[in-house]
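Input: a single structure, listed below in structure tokens.
The values are calculated or read from the model by the stated rules, or taken from the named source; none is laboratory data. Not measured: the values here are computed from a predicted model. Glycine also receives a Cβ, built like all others from the backbone with ideal geometry; neighbour counts cover every protein chain displayed.
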Amino acid sequence: MEFNLTTEKDTNIDYKPSIYDVKMILDEEIVGEDTTKLALFAHWVLADKNVLMAGPRSSGKTFISDHISKYFLGDNCYPVTLGSAKAGWYQVKDIQESTHIIIFELNQMPADFMEVLKLWGEGKDATYKVVTMVNGARSVQTYKLPPRPYTFCLADEEELKVGEQLSSRITTLRTDNSISQNKAVLKEQAILAKSRKNHRKVDEVKLKKMSEHINTMPTMGTLIFKHPGADEFVDAVPAFFTDSRRDFPKYLANTFGITRFYWKDRILKNMKNDKRLVLVTPQDMYINHKIFWGALVDSSLKCSALERTMIDIMKEQRKSMERTEIQRELRKKGVSVSGHMVSNHMNSIADLGYVEKFKDKSKITYAMGQLFDDFKFEIDWRKVVETSKKNVIDEFPEFAEEYIKKFCDNPLVIDPFTGEEVNLMNLTIEEKKEIKPFTQYKEPVADDEFMDFVNIDDAEDI
């Protein structure tokens with residue numbers, strides 16, 4: 001059953017962009033960082049989820065966040081600024097009137113606002129009581145801030161800690177600090193320096209149409225998403241930590257955000273309480289997995305891509321290593337990191353139990369601890385399509401004929417990174433890495449106490 005698109009306030013209902021179109025807009029001013037910029041766009045702008053942009057200094061965290069905010073959210077995104085400990089509460093009206101929040105540097109955020117982020121990370125309202133004088137009488141005024149999806153930036157070099165409770169409720173995306181990325185940026189800077197005109201200029205017409213499309217999407221709260229292929233992605237999350245119970249819902253939510261972006265071409269039905277049912281398609285599942293799966297794995301393992309590389313080095317060398325040795329091996333892999341940052345990251349993964357840290361006088365070495373081997377997750381996209389067909393027939397028979405004809409019989413999708421048209425039925429099984437216990441050099445370290453269990457709180461009956 002098709003939804004009547006004319007009820008939406010979109011001046012161009014025939015404009016149906018792809019995520020690849022978003023990438024092309026971002027490519028105009030952001031060199032590289034394809035996965036990071038699309039993951040931030042999908043998770044923050046489309047799925048209304050919270051994101052931490054992390055990476056070394058000068059690696060583009062703020063640049064990427066600022067451009068996505070400026071291009072696609074505009075005045076709907078409010079930047080929380082530096083001020084006194086309570087300064088955030090003097091910006092209440094502006095925050096309430098916005099749809100999204102951006103904090104360019106976490107150390108520039110009002111100190112008291114960290115508690116707001118923690119509450120928002122749990123999906124709770126934040127409140128603050130202020131004593132005022134009205135006609136000579138003391139009065140208590142309560143400010144209320146409903147949750148807003150936010151993104152903030154944090155350099156690796158900063159000592160400010162996000163905290164376990166907050167970090168487990170947000171998704172961390174990391175910028176690319178490889179030598180190849182650095183060279184690409186330097187090359188672009190040279191081109192801009194010698195050119196008469198700036199060749200990196202976004203097409204204003206395309207940007208206006210895209211911005212209008214995004215700002216007229218149905219709000220997440222008005223949609224009830226159903227994922228017919230969810231069974232096929234359960235094993236996408238490494239289950240070493242109970243955080244996987246939070247990470248899989250993030251993965252699903254990102255899929256819902258992709259579906260929301262393509263809402264003009266999806267099946268929607270009016271339901272009770274002014275909500276609408278929308279069915280996720282195999283195409284949405286493919287785009288989401290291409291963009292978001294890597295970030296999901298890093299989040300589940302509680303370590304960054306750079307830290308994964310350090311662990312891989314430890315596994316390859318099969319010996320205790322000093323900081324300088326690890327740094328040298330990183331450079332061989334095209335990653336340039338200061339010695340200080342190598343120590344910071346190695347200490348972090350030592351705290352997680354992946355490596356062991358030993359100190360002998362002034363000498364510090366690291367050896368493998370409770371490591372994991374490679375993670376393996378295979379996707380048979382033919383099976384994803386067939387599972388989706390079966391579940392739609394079983395659960396939503398009234399939509400089955402249209403859904404199968406439109407999304408399953410000839411499941412074509414535009415690849416978000418290449419723009420090529422892909423037929424899901426022609427894809428070979430994608431082989432990913434497998435994580436399993438690694439041979440111990442010492443007695444196993446006791447597992448940390450499991451975190452609290454978290455249910456998928458977005459599920460709704462219809």
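Tabulated values for the structure
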item	result
Subset tally (residues that are buried (at least 18 other Cβ atoms within 10 Å of the Cβ), part of a helix (DSSP H, G or I), at pLDDT below 90 and charged (D, E, K, R)) for the range 16-65	2
Count - residues of the range 318-346 that are of a type in the set (S, T, N, Q), within 19 Å of Lys363 (Cβ to Cβ) and assigned to a loop (DSSP other than H, G, I, E, B)	1
Residue match in the range 124-133 (condition: modelled with pLDDT of 80 or more, touching a Cys at 6+ places or on another chain (Cβ under 9 Å) and crowded, with 17+ Cβ neighbours inside 10 Å)	no
Conditions (1) farther than 24 Å from Leu52 by Cα; (2) of a type outside the set (A, V, I, L, M, F, W, C); (3) touching a Ser or Thr at 6+ places or on another chain (Cβ under 8 Å): number failed by Lys269	(3)
Any hit, the range 175-196, residues being under 20 Å from Lys49 (Cα atoms), modelled with pLDDT of 75 or more and outside the structural domain of Gly334 (by TED's automatic domain parsing)	yes
Filtered residue count, the range 95-118, keeping only those that are at pLDDT 80 or above and not basic (Lys, Arg)	11
Residues of the range 313-335 classified as under 11 Å from Met368 (Cβ atoms) and surrounded by 13 or more Cβ atoms within 10 Å (Cβ to Cβ), total	6
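Per-residue answers, yes or no, for (1) within 17 Å of Lys406 (Cα to Cα); (2) small (Gly, Ala, Ser); (3) part of a loop (DSSP other than H, G, I, E, B); (4) at pLDDT below 90:
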| site | (1), (2), (3), (4) |
| --- | --- |
| Asp247 | no, no, no, yes |
| Lys250 | no, no, no, yes |
| Gly257 | no, yes, no, no |
| Val278 | yes, no, no, no |
